[in-house]
Amino acid sequence: MAGREEQDEDGPDERAADPSQGVYGISVVSGLLGTGVQNLRAYERAGLLQPDRTAGGTRLYSPEDVARLRRIQRLLTDGLNLTGVGRVLDLEDDLAEARQELEQLRDGGPAPD
DNA sequence: TTTCTAACA
DNA sequence: TGTTAGTA
């Protein structure tokens, strides 16, 4: 029955419910993206993302990191190089932040007369 | 698991 | 330049 939300915790459990918390190992992410672990490290070296690390130093990729990695591959296949990908990701991140600020201004911004 | 090096398209 | 492969 589906009465219990979490009966068995197989693999990455979402009990944390934190999309920014690293839960996937590099091998798991490499399988999800269909690429080698070496590429994932290359992306990190390029500064495209910084996955969390355990006390032992093992990389832990969060769902957000996986989504970002998918965008990275998308941009790479689009013809961009790692530098261009990092540029786009940085701009997109900045754009998301700007949109958040804009939303705040619209919601509870300075009441116009 | 990590890092590095080498080679290929 | 990016990816793959092998190695310690």
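Read-outs: derived from the displayed coordinates by stated rules, not from any lab. This is a predicted model, so every value here is computed, not measured. Cβ sites come from the backbone with ideal geometry, for glycine too, and all protein chains shown count toward neighbours.
Which of the residues belonging to region A:24-50 are within 18 Å of A:Arg74 (Cβ to Cβ), more than 10 Å from DNA strand B (Cβ to nearest atom) and not small (Gly, Ala, Ser)? Correct list: A:Leu32, A:Leu33, A:Thr35, A:Asn39, A:Tyr43, A:Leu48, A:Leu49. Within region A:63-88, the residues that satisfy the criterion of being away from DNA strand B (no atom under 14 Å from the Cβ) and touching a Gly at 6+ places or on another chain (Cβ under 8 Å) are A:Leu75, A:Gly86. Given the condition within 16 Å of DNA strand B (Cβ to nearest atom), in a helix (DSSP H, G or I) and either without any contact (Cβ under 8 Å) to a residue 12 or more places away in the chain or surrounded by 16 or more Cβ atoms within 10 Å (Cβ to Cβ) (or both), answer yes or no: does some residue in region A:89-108 qualify? For region A:89-108, residues within 16 Å of DNA strand B (Cβ to nearest atom), in a helix (DSSP H, G or I) and either without any contact (Cβ under 8 Å) to a residue 12 or more places away in the chain or surrounded by 16 or more Cβ atoms within 10 Å (Cβ to Cβ) (or both): absent.
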